[in-house]
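*Asks:* Mind looking over this structure? Questions follow.
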Amino acid sequence: WRFPVGCIRWQPHAGDVAAPPTCLLDVPVNKTSTAFTKPVDAVVGQSVEVWEQQRLPHPSMPDAKTGSMVDYLFVHRGRRMGLAYLNQAVIPLLCRKAGVPLKDARGRITSHRARATIASQLFNAREPLGLFELQAWLGHRSAEATRHYVTVRPTKLAGAIERWLLRAQSADHCR
């Protein structure tokens with residue numbers, strides 16, 4: 001929630017004019033990393049741009065991490081919207097609107113759970129991010145921290161074992 005106004009950039013694809021540009025999010029310095037940029041879904045960039053147009057102007061505020069003055073993206077009545085507001089107001093509102101329960105088998109739906117969920121989805125995708133790519137995307141200093149975010153789906157594990165067995169059988173037949 002420490003994102004500044006202007007944290008979204010669009011990067012055109014080199015050589016492919018027809019391809020839509022990639023949405024890049026500039027992530028500020030945080031507890032796990034220095035500032036970095038990561039690609040995000042275009043809907044994120046479009047939503048941030050809509051919010052930038054609709055939000056009321058607010059004075060810049062000092063950043064507790066860097067000391068610099070920042071025009072924060074998420075401000076209401078002169079105060080930054082904090083994590084508690086996100087988890088206790090915004091996420092419950094979105095869950096109600098989407099017809100999703102506020103809790104599931106793993107507990108309350110929170111911003112941290114959302115981060116872990118997207119990490120697992122990227123790790124388990126048809127064309128997955130590797131552990132080190134995911135580490136960079138999450139902004140972690142160590143791969144060990146990233147490992148706590150990902151859960152290997154049983155179907156992905158079964159597919160990996162099946163591919164391994166097929167390779168092993170094929171190697172045996174070649175002997």
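The values are calculated or read from the model by the stated rules, or taken from the named source; none is laboratory data. Computed from a prediction, not measured in an experiment: that's the story for all the values here. No Cβ is skipped: glycine too gets one built from the backbone with ideal geometry, and neighbour counts run over all protein chains shown. The protein model used for the area step is the full one, side chains on, heavy atoms only, and it has no ligands, DNA or RNA in it. Shrake-Rupley method; radii C 1.70, N 1.55, O 1.52, S 1.80 Å.
*Asks:* What's the total number of residues in segment 79-138 that are without any contact (Cβ under 8 Å) to a residue 40 or more places away in the chain and not in a helix (DSSP H, G or I)?
*Replies:* Of the residues in segment 79-138, 19 are without any contact (Cβ under 8 Å) to a residue 40 or more places away in the chain and not in a helix (DSSP H, G or I).
*Asks:* Of all residues in segment 14-53, which are in a loop (DSSP other than H, G, I, E, B), open to solvent by less than 80 Å² (accessible area, probe 1.4 Å) and either farther than 21 Å from residue 110 by Cβ or free of Cβ contacts under 8 Å to residues at least 12 places away in the same chain (or both)?
*Replies:* Result: 16, 19, 21, 29, 35.
*Asks:* Given the condition closer than 25 Å to residue 129 by Cβ and modelled with pLDDT of 90 or more, answer yes or no: does some residue in segment 47-54 qualify?
*Replies:* If we filter segment 47-54 for residues that are closer than 25 Å to residue 129 by Cβ, which is where we start, we get 47-48.
Narrowing further to those that are modelled with pLDDT of 90 or more: 47-48.
Yes; the residues of segment 47-54 include at least one that is closer than 25 Å to residue 129 by Cβ and modelled with pLDDT of 90 or more.
*Asks:* Still on this model: With the requirement that a residue be of a type in the set (S, T, N, Q) and either at positive phi or out of contact with any Leu (no Cβ under 9 Å at 6 or more places or on another chain) (or both), what does segment 15-63 give you?
*Replies:* Those that are of a type in the set (S, T, N, Q) and either at positive phi or out of contact with any Leu (no Cβ under 9 Å at 6 or more places or on another chain) (or both): 22, 30, 34, 46, 47, 53, 54, 60.
*Asks:* Something else: What are the residues in segment 139-175 that are part of a helix (DSSP H, G or I) and closer than 30 Å to residue 28 by Cα, if any?
*Replies:* 143, 144, 145, 146, 147
*Asks:* Here's a follow-up. Could you count how many residues in segment 123-136 are at pLDDT below 90 and hydrophobic (A, V, I, L, M, F, W, C)?
*Replies:* 2
*Asks:* So, one more: Counting only residues that are within 21 Å of residue 51 (Cβ to Cβ), of a type in the set (A, V, I, L, M) and open to solvent by less than 60 Å² (accessible area, probe 1.4 Å), how many does segment 72-111 have?
*Replies:* 8
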